[in-house]
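J.: Mind having a look at this structure? Questions to follow.
Please treat every number below as a calculation from the coordinates, not as lab data. Here the structure is a predicted model, which means the values were calculated and not measured. All Cβ positions, glycine included, derive from the backbone under ideal geometry; neighbour counts span all protein chains shown.
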């Protein structure tokens, strides 16, 4: 039984993309999950690609090889999980989490095996969680505003009513000069605007509580 007889079926069982290459970077195995992820058929990948061709950024391909060539305690190097972008057959970038290592086959040769986990589902879930968190925060801010609005309206109502009444009395007295009367009328208009704002705040609070 050869290595291919053992490893081939094992690689095909994995949900993650698995790519094996010889020491020169020529692809020798490209599992079905890799085809789903990148769009290349197994035969196309083996005939046309080398491992550097899989990466969207050549710098990532070089970084992976540097790590693979490092030896620790006399053992071949390996790549602990790292995130990189791959280049699919259609040219699109695909973010993945990569783990890779050197392997030695029974014939005495060496090569590399890389396992690539698609990061898109996790990133989409993280984005949905972020949006949900922002919506909750916005809802809480709205709740705070709705609770403050009635108190603010109550605090403004009495002094505003008093000011309006006093200004009306001043106007009715007939003691103001034309310029002064104009200024008082302008003040009354501004106070009426404030009263409308207070009214709107109260209505907003009432409607929000009803929706709750």
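J.: So if R0 is 22 Å, what FRET efficiency would residue 188 and residue 161 give, r being the distance between their Cβ atoms, rounded to the nearest 0.05?
T.: The value I calculate is 0.95.
J.: Another question, then. Using a Förster radius of 30 Å, what is the FRET efficiency between residue 12 and residue 122 based on their Cβ-Cβ separation? Nearest 0.05, please.
T.: That gives a FRET efficiency of 0.80.
J.: Rounded to the nearest 0.05, what FRET efficiency is calculated for residue 24 and residue 82 with R0 set to 22 Å and r the Cβ-Cβ distance? Don't skip to the end; give the middle numbers.
T.: Numbers: r = 23 Å, r/R0 = 1.03.
That pair, residue 24 with residue 82, gives E of 0.45.
J.: Any chance you could run the full-extension gain for residue 195 through residue 172? It's 0.36 nm times the residue separation minus the Cα-Cα distance, nm to one decimal.
T.: Additional length available on full extension: 6.2 nm.
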